[in-house]
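Notes follow the structure.
The values are calculated or read from the model by the stated rules, or taken from the named source; none is laboratory data. Keep in mind the model is a prediction, meaning the values are calculated, not measured. Because the Cβ atoms are built from the backbone with ideal geometry, glycine has one as well, and the counts that use them run over all protein chains shown. These area figures cover heavy atoms from the full protein model, side chains too; ligands, DNA and RNA do not enter into them. Shrake-Rupley method; radii C 1.70, N 1.55, O 1.52, S 1.80 Å.
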Amino acid sequence: MRQLLIREGASELSYEIREIVKKARLVEKAGVSIFWENIGDPIQKNNKLPEWIKNNIIELINDDLSFGYSDSKGVLKTREFLADLNNQRGGARISAEDILFFNGLGDAIAKLYQFLVPASRVIGPSPAYSTHSSAEAAHANTHPLTYNLNPADSWYPDMDDLYMKVKYNPNIVGIMIINPDNPTGMVYPLSILKRFVDIAREFNLFLIADEIYLNVTYNGAQSYALADYIEEVPGISMKGISKEMPWPGSRCGWMEFYNRKSYPEFNRLCTTLENAKMIEVSSTKLPQLTIPKIMGDHRYKDYLKCNNEKIGKRAKIISEKLSGIDQIMFNETYGAFYNTIVFKNGYLNPKQIIEIKNASVKALVEEWVKEEGVNFDKRFVYYLLGAKGVCVVPLSSFASGLMGFRVTLLEENETILNETFSRIRDGLIEYLSSARA
Ligand SMILES: Cc1ncc(COP(=O)(O)O)c(C=O)c1O
């Protein structure tokens with residue numbers, strides 16, 4: 001080519017949640033049935049939408065207007081409904097004009113960082129949902145900038161680490177929070193969330209809260225929305241229907257802008273995002289139309305409660321299976337539908353294996369573990385896949401230096417759930433005892 005085509009940041013775009021699938025498919029082809037624990041898609045895990053929700057969607061399909069473009073920002077009636085829902089919480093107030101729809105939150109995340117100047121950085125959690133960390137790093141042409149979540153403290157953010165990083169890096173313009181969190185499954189208490197606001201206020205930053213799991217909490221946990229605690233600080237909440245409705249294939253998510261009018265530069269970011277969507281014309285319309293009908297239905301609250309209770313029950317089953325293994329850190333979860341398990345320091349070494357009976361799978365795994373860049377947790381993940389047929393995601397691919405792996409809490413079939421986590425437990429014990437460090 002006459003000129004360089006791709007800028008440096010492009011190498012930050014990787015998504016192990018899907019990459020691992022390519023390897024799992026090869027194992028499957030060699031005759032091993034796979035237990036898929038890699039992706040947070042409730043539908044893939046046998047979740048069934050109730051008839052009343054489907055009937056609402058069918059009604060909309062029968063209306064020809066559903067097939068046109070919507071307003072660039074999104075369907076007005078839906079934005080009014082969502083603004084009202086937010087305002088009923090009694091925190092930061094918004095109008096329909098402060099809401100902007102996207103083709104899923106993935107699309108919103110990609111756009112969010114794209115327009116910031118490369119030197120302006122948004123610091124996010126580590127481990128991180130990698131769509132955020134990759135998109136932010138790609139915009140800055142370098143690695144993600146992160147604050148630590150601490151597995152020894154219920155995966156809560158290390159606020160001193162965050163404070164020092166913000167204080168000594170004047171390039172940081174924003175802080176990103178995921179609450180409830182993917183990949184740790186933690187729900188943050190109000191006291192911690194208020195400290196994010198204090199830091200943002202002290203250093204003139206904006207806040208971004210990915211709240212796609214806001215209504216996915218269980219076993220007594222309560223989640224707080226950014227609007228509840230942000231006060232006068234500028235911020236963006238990111239929400240969607242992929243997880244709670246759940247309709248991940250709808251590709252429908254939105255941003256809510258708080259306090260934009262008080263901060264001209266932040267307001268410019270919001271306007272830029274709106275203009276970018278205008279150039280694109282609009283986002284997927286049909287799922288937007290369903291939102292007031294479904295979320296406004298008197299059955300929705302109980303429906304969420306029932307789904308959350310099921311996830312909570314699975315959290316307990318997984319806890320029973322995986323707690324009590326000395327060499328790992330296990331935290332019971334209270335929100336979203338993931339759990340991240342960490343190997344304690346010093347318990348991993350390059351000689352560990354899990355016996356693989358299928359000769360061709362064994363050959364595959366032995367080849368993979370020799371690949372460049374395969375660190376200790378990927379090594380475990382490959383052996384678990386080959387020997388036990390369970391496909392999990394290595395923690396190191398969530399912008400983290402910790403070694404571990406992420407599982408989901410989504411399997412609806414209790415027999416399969418028990419089988420999956422017995423296999424993970426057996427895999428862990430066999431791997432960790434196969435060659436002591
Ligand atoms: C924290 C978080 N944000 C955003 C997304 C993407 O959601 P969407 O399906 O709306 O693109 C996910 C999906 O797993 C997620 O876990």
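What aspartates and glutamates does residue 165 reach when the alpha-carbon gap must be under 18 Å and sequence neighbours fewer than 8 apart in one chain are set aside? Within the straight-line cut-off, residue 165 pairs with 136, 198, 202. A straight line joining the Cα centroids of region 411-437 and region 33-49 runs 18 Å.
Given their separation in residues at 0.36 nm each and the Cα-Cα distance between them, residue 67 and residue 192 gain 40.6 nm when the chain is fully extended. Relative to the longest principal axis of the Cα atoms of the chain, helix 76-87 runs at roughly 80 degrees.
Residues within the reach of a label modelled at residue 154 (point 7 angstrom out along Cα to beta-carbon, backbone nitrogen below 11 Å), restricted to region 198-224, are 221-222.
Length gained on full extension, residue 317 to residue 85, computed as 0.36 nm times the residue gap minus the Cα-Cα distance: 80.1 nm. Listed cross-link partners 22/48; 23/344; 73/277 are compared with a 18 Å cut-off, the Cα-Cα value being larger for 22/48; 23/344. Multiplying the residue separation of residue 168 and residue 3 by 0.36 nm and removing their Cα-Cα distance gives an extension gain of 55.7 nm. The average projected area of region 79-235, computed from the convex hull of its Cα atoms over all directions, is 9.3 nm².
Rounded to the nearest 10 square angstrom, residue 163 shows an accessible area of 60 square angstrom against a 1.4 Å probe. Taken along its three principal axes, the alpha carbon spread of region 205-274 comes to 40, 29, 14 Å, from the longest extent down to the shortest.
Taking the radius of gyration and the Kirkwood hydrodynamic radius from Cα positions alone, what is the Rg/Rh ratio for region 1-78, to two decimal places?
1.17
With the simple spin-label model, which puts each label point 7 Å out from Cα in the Cβ direction, the residue 360 to residue 274 separation comes to 5.8 nm. Have a look at 250, 283, 191 and tell me which one the Gaussian network model of the chain (Cα, springs below 10 Å) gives the largest fluctuation. The residue that fluctuates most here is 191. Considering helices alone, the calculated mean residue ellipticity of the chain at 222 nm is -13000 deg cm²/dmol, with DSSP H runs of length four and up weighted by -39500 (n - 2.57) and normalised per residue. Considering only 237, 154, 33, the Gaussian network model of the chain with Cα springs below 10 Å gives its largest mean-square fluctuation to 33.
For region 169-231 versus region 243-277, the spacing of their alpha-carbon centroids is 16 Å.
Here region 36-89 has 53 percent of its accessible surface on carbon and sulfur atoms, given a 1.4 Å probe and all protein chains in place. The orientation-averaged shadow of the Cα convex hull for region 19-169, equal to a quarter of the hull surface, comes to 15.0 nm². How far is helix 286-295 tilted, in degrees, relative to the longest principal axis of the Cα atoms in the chain, given as a value from 0 to 90 rounded to the nearest 10? Relative to the chain, helix 286-295 is tipped by roughly 90 degrees.
In terms of its Cα atoms, the chain spans 60, 54, 54 Å along the principal axes, sorted from long to short.
Its Cα gyration tensor gives region 119-199 an equivalent ellipsoid; the semi-axes, largest first and in whole Å, are 20, 15, 10. By the rule of a C-alpha distance below 17 Å, with chain neighbours fewer than 8 residues away ignored, the lysines paired with residue 45 are 243, 310, 313.
Of the residues 156, 347, 113, the one that moves most in a GNM of the chain with alpha-carbon contacts below 10 Å is 347. Working note: Debye formula, equal point scatterers on the alpha-carbon atoms of region 315-414, no solvent; log10 I(q)/I(0) at q = 0.12 Å⁻¹ is -0.42. Relative to the dominant Cα principal axis of the chain, helix 51-61 is inclined by about 50°.
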